[in-house]
Amino acid sequence: MTAPQTRAPSITDINQQAALLCKSGQFADAWSLVQPVLEPRAGVAEDARADALNIAGACWYGMGSVSDAETYWRQCLRAKPDYAEVYSSLGMLLKSHGRLSAAKAVYRQLVALCPSHADAHNNLGTVLYGMGYKDEAEASYGQAVAIRSDYAEAHYNRAIVLHELRRLHEAEAAYREALIGLPEHAEAHNNLGNVLMELGRVADADTAYRQALTIKPQYPEALNNLGGVLKATHRLPEAELACRLALAIRPDYAEAHLNLGAVLAELQRLPEAEAAYREAILHRPDYAQAHYNLGLALSSLERLPEAEMAYREAIRFRPDIVHAHNNLGCVLRLLDRLPEAVDAFAQALALCPDLAEAHYNVGAALAQLKRLPEAEAAYLRALALRPDYGDARFGLAVLMLGMGRFDEGWRLYECRYEQPGFVHQKTRAMLSCPQWQGGTLAGKSLLVWQEDGLGDMVQFSRYFALLKAQGATHIAFACVPALHRLMASVDGVDAVLDHDTALTGVAASTYDCWTSLLSAPLHLRTTVDTIPRAVRLAAEPSLVDKWRPMLETLPAGRKIGLVWKGNAKHHNDANRSIPTLATLAPLWSVPGLNFVSLQKGQGEDEAQHPPAGQPLLELGSTVNDFADSAAIIAQLDLVICVDTSMAHLAASLGKPCWVMLPEKDIDWRWMHERSDSPWYPHTLRLFRRAMGESWSVTVERVRQACVERFAVETTSERRSTRK
């Protein structure tokens, strides 16, 4: 009996068995089955051999040999060029190993072969996106979802690209389509939140981030983004908590350190904000936004050299951050490096020619450099870009007034009532009666409200008589107590009140309208040539008698009043005040002069204990108000001071007054390049500190002027005595 014959397995059978082994991960066994089939022999069908080559590629890919896998799959495609499955496998291999150009070619062949292959279009989109071809990638993803409308992964991929292409509404729709098929996809909810935030739909973004965190509670990106939403809605303690939770999960998360810093900065916890920004930079040294935010914090902390370094680092890593250039210019301006500041603003404008803030800032720097026509052009450009730009309008107003262009300047100067940071806006809100706009005052009662400095009130008190001449039946002046006694005798003033009493009158409808003294020049059309004569103040005789005995203790000679510091709260006090009384020492070398301190407040301690060799009669600390100061000044021969209210008081009393002006940010009222003042044409002389000049040089010029003036007077007196 013969043994039964068994049929030899066919190539098809071998391929099927090898494919099953591949699917179960038994790649070596599968390879041992399919390897003999790959050897050239007659009678093997091309399709069967192509299947074997495909399986061989899968085996070697499974065993970790990418090059062998690619070799067999490419051989397979040469044997069977329309083998779609192999294009898909080879494309996957090339894509996963970063060979995107080769993968693109393979996927393009696949979509040409199978135009309705949704996965092929999706994978081609992923490769194109990885190569930076965003528009082509979006088109490929669009083809995928057009073929299969419920293809959630392709919707998600397309949404990412649409977001980056700034097609935000389409990106939102694509994320929502993706979430129909992937409702538990935390990243899709988070990314949808990012799109909604950029669309300004903060509440919807909040919902999206919270949904992502419901699905994936330990999700630092969603926590960080939720912190951004909470910050945007001013829920700062919650925002801080969200950022800190993100950092608890991922301590090296630079973006969360940055956001935490921004929250802390808004909470005015600037040292902590600084620390957070530095942590962000520690984890990502090239993080330009963190360097920029650090610059903001350091600027607010007035650590200007460090702020400069931070802004420069931001620019080094990202030269296109416009506001880094602009803010660097602001820091350099505060550091008195004005030409460098102008260059920084120019860099900002090169990046963004329509940045109104940079035009304003360059205008302010050019004004300090006394390049006045250029400053004017810069302010005008800022206002052309943003007509409601209050800072630019006020800067232009001050520039115009300083240039003597009063007709334009006074009109612009009224913008101070629109400035949120100015006290003037509060005045307008507080006073319920109408603000006088220049109409008739005949038969009306007028409240004049002090909202500016003491010196301003003395200087502009010349307008009371003119207001009265407009027909006002009653003018009440609401001012600080230090001015009450002095102003009570000013022509045109019917009553002097404190502010609270005046407010009671406003509430009782006592006044028909109100105004500021500094608005009077506008409504009365003052020009440089028509500045009213200064009010002629007179010291009260009883107060003159009160102060005379103290002044008579001085030796024979001229009595010179001194003021070397202004109010420390003044915005420009650091420039206008002389650092120490000792700087005035050269004045003591002029024979026949005796000095009286009128210094009140800041600097009193120096006057009470003057340096050796600088004898000084200290009276400033004992005066009660301006009436006392006036009684002292009335008995002096000259007042030498910095730019303070005493200059206006002395000049209005008819006393010679010499004012030492700072090198920068000179008040508009002193105008430019003049040694006199049209406000006080016969009594006041200006000593301007030149750019880069020390106070000691200015004081030396004052000393020489003293020698010239009093030497001439002494000689003249001697001649008169001889006669």
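The values are calculated or read from the model by the stated rules, or taken from the named source; none is laboratory data. None of these values were measured; they are calculated from a predicted model. Note: ideal-geometry Cβ built from the backbone for every residue, glycine included; neighbour counts use all protein chains shown.
The set of residues in the range 208-250 that are in a loop (DSSP other than H, G, I, E, B) and buried (at least 21 other Cβ atoms within 10 Å of the Cβ) contains only TYR219. The set of residues in the range 410-440 that are surrounded by 17 or more Cβ atoms within 10 Å (Cβ to Cβ) and touching a residue at least 40 places away in the same chain (Cβ under 8 Å) comprises TRP410, TYR413, GLU414, HIS424, THR427, LEU431, CYS433, TRP436. Taking the stated definitions as given, is LYS565 touching a residue at least 40 places away in the same chain (Cβ under 8 Å), closer than 19 Å to LEU649 by Cα and assigned to a loop (DSSP other than H, G, I, E, B)? Yes; evaluated as a whole, the condition is true for this residue.
Per-residue answers, yes or no, for (1) under 19 Å from ALA634 (Cα atoms); (2) not assigned by TED's automatic domain parsing to the domain that holds PRO656:
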site: ALA482; (1), (2): yes, yes
site: ALA502; (1), (2): no, yes
site: THR515; (1), (2): no, yes
site: ALA539; (1), (2): yes, yes
site: ARG558; (1), (2): yes, no
site: LEU562; (1), (2): yes, no
site: ALA568; (1), (2): no, no
site: ASP573; (1), (2): no, no
site: PRO586; (1), (2): no, no
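Consider the range 514-535. How many of its residues are assigned to a loop (DSSP other than H, G, I, E, B) and touching a helix residue (DSSP H, G or I) at 6+ places or on another chain (Cβ under 7 Å)? Counting residues in the range 514-535 that are assigned to a loop (DSSP other than H, G, I, E, B) and touching a helix residue (DSSP H, G or I) at 6+ places or on another chain (Cβ under 7 Å) gives 6.
Do we find a residue being under 11 Å from ASP512 (Cβ atoms), of a type in the set (Ser, Thr, Tyr) and either touching a Pro at 6+ places or on another chain (Cβ under 6 Å) or not in a helix (DSSP H, G or I) (or both) anywhere in the range 420-432? Lay out the reasoning, then the answer.
Going residue by residue through the range 420-432, those that are under 11 Å from ASP512 (Cβ atoms) are none.
No, the range 420-432 contains no residue that is under 11 Å from ASP512 (Cβ atoms), of a type in the set (Ser, Thr, Tyr) and either touching a Pro at 6+ places or on another chain (Cβ under 6 Å) or not in a helix (DSSP H, G or I) (or both).
The rows are residues; the columns are (1) basic (Lys, Arg); (2) touching a Phe, Trp or Tyr at 6+ places or on another chain (Cβ under 8 Å); (3) in a loop (DSSP other than H, G, I, E, B); (4) at negative phi.
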{"residue": "ALA365", "(1), (2), (3), (4)": "no, yes, no, yes"}
{"residue": "ALA375", "(1), (2), (3), (4)": "no, no, no, yes"}
{"residue": "PRO387", "(1), (2), (3), (4)": "no, no, yes, yes"}
{"residue": "ALA397", "(1), (2), (3), (4)": "no, yes, no, yes"}
{"residue": "TRP410", "(1), (2), (3), (4)": "no, no, no, yes"}
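Residues that are at pLDDT below 90, in a helix (DSSP H, G or I), small (Gly, Ala, Ser) and farther than 30 Å from THR126 by Cβ do occur in the range 45-55.
Has the range 142-151 got any residue that is outside any helix (DSSP H, G or I) and basic (Lys, Arg)? Yes, there is a match, as at least one residue in the range 142-151 is outside any helix (DSSP H, G or I) and basic (Lys, Arg). With the structure loaded, tell me whether MET691 is surrounded by 15 or more Cβ atoms within 10 Å (Cβ to Cβ) and within 23 Å of ALA364 (Cα to Cα) or whether it fails that test. The answer is no for MET691. Give me the residue from the range 153-188 that is more than 31 Å from the chain's Cα centre (by Cα) and either among the β-branched types (Val, Ile, Thr) or on the phi > 0 side of the Ramachandran plot (or both) and, out of that set, surrounded by the most Cβ atoms within 10 Å (Cβ to Cβ). Residue satisfying both the conditions and the ranking: VAL161. Exactly one residue among LEU301, LEU349 is among the aliphatic types (A, V, I, L, M) and more than 27 Å from ILE281 (Cα to Cα), and that residue is LEU349.
Here's the yes/no breakdown for (1) under 16 Å from the mean Cα position of the chain (by Cα); (2) of a type in the set (Asp, Glu):
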{"residue": "HIS325", "(1), (2)": "yes, no"}
{"residue": "ALA344", "(1), (2)": "yes, no"}
{"residue": "GLU376", "(1), (2)": "no, yes"}
{"residue": "LEU385", "(1), (2)": "no, no"}
{"residue": "LEU401", "(1), (2)": "no, no"}
{"residue": "TRP410", "(1), (2)": "no, no"}
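Check ALA45, ALA79, ALA56 and return the single one that is exposed (fewer than 13 other Cβ atoms within 10 Å of the Cβ) and either in contact with a Phe, Trp or Tyr (Cβ under 7 Å, 6 or more places away or on another chain) or in contact (Cβ under 8 Å) with a residue 12 or more places away in the chain (or both). Testing whether each residue is exposed (fewer than 13 other Cβ atoms within 10 Å of the Cβ) and either in contact with a Phe, Trp or Tyr (Cβ under 7 Å, 6 or more places away or on another chain) or in contact (Cβ under 8 Å) with a residue 12 or more places away in the chain (or both) leaves just ALA45. Of everything in the range 490-513 that is in a loop (DSSP other than H, G, I, E, B) and not charged (D, E, K, R), the residue that is nearest to SER652 (Cα to Cα) is VAL490.
Determine, yes or no, whether ALA582 is in the same structural domain as PRO662 (by TED's automatic domain parsing), in a helix (DSSP H, G or I) and at pLDDT below 90.
On the way: in the same structural domain as PRO662 (by TED's automatic domain parsing): yes; in a helix (DSSP H, G or I): yes; at pLDDT below 90: no.
No, not satisfied.
Could we say that GLU70 is assigned to a helix (DSSP H, G or I) and crowded, with 16+ Cβ neighbours inside 10 Å here? Yes, satisfied. Residues considered: PHE626, PHE595. Of these, the only one that is of a type in the set (Phe, Trp, Tyr), within 28 Å of ASP452 (Cβ to Cβ) and not assigned by TED's automatic domain parsing to the domain that holds LEU454 is PHE626. Looking only at residues that are under 30 Å from LYS569 (Cα atoms) and aliphatic (A, V, I, L, M) in the range 447-468, which one is surrounded by the fewest Cβ atoms within 10 Å (Cβ to Cβ)? Checking each candidate, the answer is LEU454. Among the candidates LEU483, LEU401, the residue that is part of a helix (DSSP H, G or I), under 22 Å from GLN368 (Cβ atoms) and touching a Phe, Trp or Tyr at 6+ places or on another chain (Cβ under 6 Å) is uniquely LEU401.
Just one of the numbered conditions (1) in the same structural domain as ALA375 (by TED's automatic domain parsing); (2) without any contact (Cβ under 8 Å) to a residue 12 or more places away in the chain is not true of GLU306: (1).
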